[in-house]
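Encoded as structure tokens, the structure appears first; notes follow it.
Bear in mind these aren't lab numbers, they're just calculated from the coordinates by the rules spelled out. On a predicted model such as this, the values are computed, not experimentally measured, just so you know. Heads up, the Cβs are rebuilt from the backbone with ideal geometry, glycines too, and the neighbour counts pull from every protein chain shown.
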Amino acid sequence: MSYRVVIAHDAEKILDRMERPTEKRIRTRIIQLAEDPFDPRLSAPLTERAGVRKSRVGGWRILFAANRETKTLALLTVDTRGQVYKRS
């Protein structure tokens, strides 16, 4: 069962400013996460924030929250490894 993806405005702006190959890789991962956001090969829970998961795409990180009841995946932010945890 697929999840409905909701992308935060800030995350969309970051995606739009990326180089196209990197953006394509991240958008592909978002599609994979929409199929199964809890797949341990694709994501892991953040220890600091309950309910938030992370997914790694090269040097980039995707932070998201998935809701099993409403079948929604809320993409919170996308940024480099060094910056993503500072912003969130």
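Which residue out of 24, 54 is among the basic types (Lys, Arg) and surrounded by 17 or more Cβ atoms within 10 Å (Cβ to Cβ)?
Selected residue: 54, the only one of 24, 54 that is among the basic types (Lys, Arg) and surrounded by 17 or more Cβ atoms within 10 Å (Cβ to Cβ).
Would you list the strands (runs of 3 or more DSSP E) that sit entirely within region 1-73 and hold 2 or more residues that are within 16 Å of residue 84 (Cβ to Cβ)?
Fully inside region 1-73 and qualifying: 52-57, 60-67.
Return the only residue of 65, 74, 44, 34 being within 12 Å of the chain's Cα centre (by Cα) and in contact (Cβ under 8 Å) with a residue 60 or more places away in the chain.
74
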